[in-house]
Amino acid sequence: MATKNKYIPLIIGAAIAAGVVIGGKLNFSDTSDNLFTSNSKKNKLNRLIDYIDYEYVEEVNTDSIVDVTVNGILQNLDPHSTYIPKEDLKRVTENMKGDFVGIGINFYAYRDTIAVIKPTKNGPSEQAGILSGDRILMADNDTLYGAQITNSMISQKLKGDKNTSIKLTVYRKGAPELLEFDVKRKAIPIKSVDAAYMLTEELGYIKINRFAESTYKEFKAALDTLQGQGAKKLALDLRENPGGFLGIAEQIVDEFLEDDKLILFTKDKRGKEEYVYATGNGAFEDGEIFILINENSASASEVVAGALQDNDKGIIVGRRSYGKGLVQREMALGDGSAVRLTVSRYYTPTGRSIQKPYTNGDSESYFNDYYKRLRTGELAHEESITVDDSLKFTTPKGKVVYGGGGIIPDIFVPVDQSFDNETLNYLRRRGHFRYFAFEALDKDRMLYQDLTRSDFMANYEVEDSVVVRFQNFVNLREGTNINFMVYSSEIKRLIKANLAGQLFDDIAFEEVINNDDTMVQEVILLSTEYPTLKQH
């Protein structure tokens, strides 16, 4: 398991490189005629592909050659210029747009059958009568069970055009016969705000997982609700947030900064600079703000943290962020594919670039920076963070900040090695806790029918025998023989959180996790000391 797990940060880094677009506000000044005129370099590539297509001794898929060529070119530019093939573009676009058209279910391919983990609240499946635990056997006349069925095949069957209907044949435990439901496909939101609730009487909490088109609206609705509940302080959790649209980050920062405060500026290769300032419309300009970041907070997350830190607003809590200060713009390539090309750099209000160093063509060491931080002890000890004195900047109130590789927090919180370790992170990413919780609920859902949210949160405890069952469950699925009892308390916490998420909602999941989260607990403590901290 450890061998598989060592690649996880590399996978995360690749996802950051491929999935972050923060340059949507930029426009080209050149016309298309100037950009795409013929020249010898382009003709050379076109001629080579034609030779291969018409003269090569064997049949060759020249489309694949073009893909390899495009990827090769981009890899020699910078780590964040990426190519998106046609078959991936729709999925990537949906994720950043914030919704897709479908029937609204979270499902689990359970023993060769589609099991509904939870229908989307107020979504088409819930409205039609689909329940958690239902097995979907058929969609119209197509069977959706059997060893050959894959998640992509399932999604292809269930997604479709908006307002089109699909007939689902469903098995429900305890029902005398199969059930049929007509479900009308609708736009299903892909939430970017995972949770929003009150940590204390005055301290609200919002967790954002990415900066998509819909994120600002979600954030503003959550902020308004929390303020209505008495929030005068806010913990904004941007941990593990890989970024997204630059304009969305700017809108969120604007809620905290006073009129005419600089949020950031960008600079392209021609030296052209564009400045973005806050307006007077912020709803939380007088509130106390804490930003939670870690080593996987990147791009737009760093824009938010950097803008507030450089304006002496609030407190940044956690560990040094990822270090991505390059701006991409997505451009179509004419065949359904696209490229996200780095077109400028962004700078925080003091003028610092937080882009970490990179060598063109060496993306592996760039994305393996996590291991360097782990090896040097930076994730556990604040004094292990290295800074470059030549990249020292000063905020208006005299605080020293550094460029050259991420946002260094004002308050350092070491990684919780008992909870955030390689084994547990591997199990979480593999979905084992979510699937185990589903199976536990599915054995007898009537046991949980009368359990209220407050009773569950306050009184429900995961027993040792459940940890043993989880251990057997994982070992069977993974083909291993590992004893997990050393992680007993952490496993209980994760099982309870996943049960809460499936019984109630995502907020319940986050509440269970945050009850013992070292960084969240640090913020709660800091919020009581904020006036003293602000003076310093």
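Some notes on this structure:
- Looking across the stretch 259-289 at every residue that is without any contact (Cβ under 8 Å) to a residue 24 or more places away in the chain and part of a strand (DSSP E or B), the one that is surrounded by the most Cβ atoms within 10 Å (Cβ to Cβ) is identified as Tyr277.
- Here Thr120, Thr150 are screened, and the one residue that is out of contact with any Phe, Trp or Tyr (no Cβ under 8 Å at 6 or more places or on another chain), outside the structural domain of Asp442 (by TED's automatic domain parsing), under 25 Å from Glu213 (Cα atoms) and of a type in the set (Val, Ile, Thr) is Thr120.
- Boolean, Leu26 is surrounded by fewer than 11 Cβ atoms within 10 Å (Cβ to Cβ), under 37 Å from the mean Cα position of the chain (by Cα), modelled with pLDDT under 85 and hydrophobic (A, V, I, L, M, F, W, C): no
- One residue from Arg430, Arg445, Arg434 being in contact with a strand residue (DSSP E or B) (Cβ under 8 Å, 6 or more places away or on another chain), on the phi < 0 side of the Ramachandran plot and outside the structural domain of Pro119 (by TED's automatic domain parsing): Arg434
- Taken together, the residues in the stretch 57-79 that are part of a helix (DSSP H, G or I) and either β-branched (Val, Ile, Thr) or assigned by TED's automatic domain parsing to the domain that holds Phe367 (or both) amount to 7.
- The set of residues in the stretch 513-523 that are surrounded by fewer than 22 Cβ atoms within 10 Å (Cβ to Cβ), assigned to a helix (DSSP H, G or I) and touching a helix residue (DSSP H, G or I) at 6+ places or on another chain (Cβ under 7 Å) comprises Ile513, Asn514.
- The stretch 83-97 - residue that is more than 12 Å from Ala338 (Cβ to Cβ) and in contact (Cβ under 8 Å) with a residue 12 or more places away in the chain and, of those, surrounded by the fewest Cβ atoms within 10 Å (Cβ to Cβ): Lys97
- Single condition Val400 does not satisfy, out of (1) surrounded by 17 or more Cβ atoms within 10 Å (Cβ to Cβ); (2) within 26 Å of Ala235 (Cβ to Cβ); (3) of a type in the set (Val, Ile, Thr): (1)
- Test for Gly323: is it within 21 Å of the chain's Cα centre (by Cα), part of a loop (DSSP other than H, G, I, E, B), at positive phi and not basic (Lys, Arg): yes
- Meets criteria (acidic (Asp, Glu), in a helix (DSSP H, G or I) and outside the structural domain of Leu199 (by TED's automatic domain parsing)) for Glu490: yes
- Cβ-Cβ contacts under 8 Å between residues 6 or more apart (or on different chains), taken from a first residue in the stretch 152-172 that is closer than 11 Å to Phe100 by Cα to a second residue that is of a type in the set (D, E, K, R), are listed as Lys159/Arg185; Gly160/Arg185; Asp161/Arg185; Lys162/Arg185; Lys162/Lys186.
- Residues in the stretch 138-171 that are among the small types (Gly, Ala, Ser) and surrounded by fewer than 12 Cβ atoms within 10 Å (Cβ to Cβ) were compared, and the one that is modelled with the highest pLDDT is Gly146.
- For the stretch 326-368, filtering for residues that are crowded, with 18+ Cβ neighbours inside 10 Å, of a type in the set (A, V, I, L, M) and assigned to a loop (DSSP other than H, G, I, E, B) leaves 1.
- Subset tally (residues that are under 12 Å from Phe436 (Cβ atoms) and assigned to a loop (DSSP other than H, G, I, E, B)) for the stretch 446-475: 1
For every residue, the table says whether it meets (1) of a type outside the set (S, T, N, Q); (2) out of contact with any Cys (no Cβ under 8 Å at 6 or more places or on another chain); (3) free of Cβ contacts under 8 Å to residues at least 12 places away in the same chain; (4) not assigned by TED's automatic domain parsing to the domain that holds Ala212.
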| position | (1), (2), (3), (4) |
| --- | --- |
| Ala298 | yes, yes, no, no |
| Val303 | yes, yes, no, no |
| Ala307 | yes, yes, no, no |
| Ile316 | yes, yes, no, no |
| Asp335 | yes, yes, no, yes |
| Ser365 | no, yes, yes, no |
| Tyr370 | yes, yes, no, no |
| Asp389 | yes, yes, yes, no |
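The values are calculated or read from the model by the stated rules, or taken from the named source; none is laboratory data. Quantities reported herein were computed from a predicted structural model and do not represent experimental measurements. Neighbour counts are summed over all protein chains in view; Cβ atoms, including those assigned to glycine, are modelled from backbone coordinates with ideal geometry.
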